[in-house]
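Trainee: Dropping the structure in here first, questions after.
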Amino acid sequence: MQEMEVDVVSEGGGAVGQVAVGLPTSIAAVLAVPLVEGLALDHPRVRLHLFESLSGYLVELLYNGRLDMAILFRDAESSGVAIRPLFSEYLSVFGAPGVGDPEASTCDLSLLSGVPLVLPGPSHGLRFLVERAFTQSNAELNVVADIDSLPVMLSLARNGAVATISSRAVSMVFPEILARRLINPTISRPVCLCHPTAIPQTAAALAVEETIRTLAREHAPYWDKIA
């Protein structure tokens with residue numbers, strides 16, 4: 001009722017209210033700053049509460065009612081959560097300069113067999129995708145540490161002792177780290193905007209969603225396929 005009252009009061013005067021949004025770290029690297037700036041310009045009375053974390057933690061926050069929406073890597077609705085496709089993306093290997101051709105834009109996944117990797121823990125979706133791809137390629141997955149922090153994984157990959165796997169968009173934000181798209185097989189994942197069905201969408205939430213969609217289209221070169 002309080003949200004409805006805000007919507008009625010704000011009718012004709014623009015969206016008003018607080019909206020809690022969760023962004024995975026790899027997506028936040030591209031969208032977080034323009035999202036804050038875009039809302040401040042177009043919807044100054046929308047108060048954004050931004051959560052940045054790995055997607056596994058964002059799922060928990062979404063189900064606990066702490067988020068109005070979150071960008072997650074999934075392609076199917078689940079109980080209590082609706083999804084709206086944004087784009088899809090391929091994953092890349094970061095680091096491993098001694099593996100394959102460092103001048104190439106791609107890297108055959110089989111070349112990473114036995115290579116020391118740091119990845120998010122087993123509960124995260126990216127880890128599942130990587131494990132499945134290595135199994136399909138009959139390659140040895142050598143995870144030397146489970147690290148639930150993208151900046152730490154990238155720092156380790158930059159130092160050269162280990163490699164990591166993440167979104168291709170990260171290579172455009174951190175160009176100093178050797179990055180090559182994985183092939184044979186490729187690893188792709190859908191990116192969707194998710195919101196709990198039990199929470200009604202306010203005018204402020206709809207304004208945030210439209211801003212996110214606009215930014216996704218504007219930053220299309222960072223992704224592989226816009227929905």
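The values are calculated or read from the model by the stated rules, or taken from the named source; none is laboratory data. No experiment lies behind these values; they were computed from the predicted model shown. FYI the Cβ positions are ideal-geometry reconstructions off the backbone, even for glycines, and counts take in every protein chain you see.
Trainee: Which of (1) exposed (fewer than 14 other Cβ atoms within 10 Å of the Cβ); (2) modelled with pLDDT of 90 or more; (3) β-branched (Val, Ile, Thr) does VAL208 not meet, given it meets every other one?
Mentor: Looking at each condition in turn, VAL208 falls short on (1).
Trainee: Could you tell me which of the residues LEU109, LEU54 is of a type outside the set (Gly, Ala, Ser), under 30 Å from ALA204 (Cα atoms) and touching a helix residue (DSSP H, G or I) at 6+ places or on another chain (Cβ under 8 Å)? Steps first, answer last, please.
Mentor: Details: LEU109 fails: under 30 Å from ALA204 (Cα atoms).
Selected residue: LEU54, the only one of LEU109, LEU54 that is of a type outside the set (Gly, Ala, Ser), under 30 Å from ALA204 (Cα atoms) and touching a helix residue (DSSP H, G or I) at 6+ places or on another chain (Cβ under 8 Å).
Trainee: Filter the strands (runs of 3 or more DSSP E) completely within segment 51-116 down to those with at least 3 residues that are in contact (Cβ under 8 Å) with a residue 24 or more places away in the chain and not assigned by TED's automatic domain parsing to the domain that holds ARG127. Even if it seems obvious, please write down each step before you answer.
Mentor: Values: elements: 69-72, 81-94, 106-108.
Output list reads 69-72, 81-94.
Trainee: Restricted to segment 4-30, and to residues that are small (Gly, Ala, Ser), over 20 Å from GLY65 (Cα atoms) and out of contact with any Gly (no Cβ under 8 Å at 6 or more places or on another chain), which residue is modelled with the highest pLDDT?
Mentor: The initial filter retains those residues of segment 4-30 that are small (Gly, Ala, Ser), namely 10, 12-15, 17, 20, 22, 26, 28-29.
Now drop any that are not over 20 Å from GLY65 (Cα atoms), which leaves 10, 12-15, 26, 28-29.
This time we only want the ones that are out of contact with any Gly (no Cβ under 8 Å at 6 or more places or on another chain), so: 12-15, 26, 28-29.
Working: GLY12: 50, GLY13: 57, GLY14: 76, ALA15: 88, SER26: 88, ALA28: 92, ALA29: 87.
My answer is ALA28.
One line per residue, one yes/no per condition, for (1) farther than 30 Å from ASN142 by Cα; (2) modelled with pLDDT under 90; (3) surrounded by 21 or more Cβ atoms within 10 Å (Cβ to Cβ):
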| position | (1), (2), (3) |
| --- | --- |
| GLY160 | no, yes, no |
| THR164 | no, no, yes |
| PHE174 | no, yes, no |
| ILE199 | yes, yes, no |
| THR202 | yes, no, yes |
| ALA220 | yes, yes, no |
| ASP224 | no, yes, no |
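Trainee: If we only count strands (runs of 3 or more DSSP E) wholly inside segment 127-227, which ones have 1 or more residues that are of a type in the set (Asp, Glu)? Step through it out loud before you land on a result.
Mentor: Working: elements: 142-146, 164-167, 179-183, 188-196.
By residue number, 142-146.
Trainee: If you don't mind, there's one more thing I want to ask. In segment 170-180, is there at least one residue being in the same structural domain as GLY100 (by TED's automatic domain parsing) and of a type in the set (Phe, Trp, Tyr)? First the steps, then the outcome.
Mentor: Within segment 170-180, the subset in the same structural domain as GLY100 (by TED's automatic domain parsing) is 170-180.
Next, from what is left, pick out any that are of a type in the set (Phe, Trp, Tyr): 174.
Looking for residues that are in the same structural domain as GLY100 (by TED's automatic domain parsing) and of a type in the set (Phe, Trp, Tyr), one finds at least one in segment 170-180, hence yes.
Trainee: Scan (1) among the aliphatic types (A, V, I, L, M); (2) more than 15 Å from the chain's Cα centre (by Cα); (3) more than 23 Å from GLY98 (Cβ to Cβ) for the single condition ALA216 breaks and write down its number.
Mentor: Just one mismatch for ALA216, condition (2).
Trainee: Provide a single number: the residues in segment 57-83 that are closer than 24 Å to PRO151 by Cβ, touching a Pro at 6+ places or on another chain (Cβ under 7 Å) and not hydrophobic (A, V, I, L, M, F, W, C). It would help to see each step written out before you state the result.
Mentor: Pass one, segment 57-83, residues closer than 24 Å to PRO151 by Cβ: 57-62, 66-67, 69-74.
If we keep only those that are touching a Pro at 6+ places or on another chain (Cβ under 7 Å) too, we end up with 58, 62, 71, 73-74.
Now restrict to residues that are not hydrophobic (A, V, I, L, M, F, W, C): 74.
Counting residues in segment 57-83 that are closer than 24 Å to PRO151 by Cβ, touching a Pro at 6+ places or on another chain (Cβ under 7 Å) and not hydrophobic (A, V, I, L, M, F, W, C) gives 1.
Trainee: Find the residue count for segment 37-50, including only residues that are part of a helix (DSSP H, G or I) and in contact with a helix residue (DSSP H, G or I) (Cβ under 8 Å, 6 or more places away or on another chain). Don't jump to the end; show me each part of the working.
Mentor: Initially, segment 37-50 is screened for residues part of a helix (DSSP H, G or I), giving 37-42.
Filter once more, keeping what is in contact with a helix residue (DSSP H, G or I) (Cβ under 8 Å, 6 or more places away or on another chain): 38-39, 42.
Residues in segment 37-50 being part of a helix (DSSP H, G or I) and in contact with a helix residue (DSSP H, G or I) (Cβ under 8 Å, 6 or more places away or on another chain): 3 in total.
Trainee: Being among the polar types (S, T, N, Q) and either modelled with pLDDT of 95 or more or surrounded by 15 or more Cβ atoms within 10 Å (Cβ to Cβ) (or both) is the filter here; which residues of segment 141-154 pass it? Steps first, please.
Mentor: Applying the first criterion (among the polar types (S, T, N, Q)) to segment 141-154 yields 142, 149.
Scanning segment 141-154 gives a single hit, ASN142.
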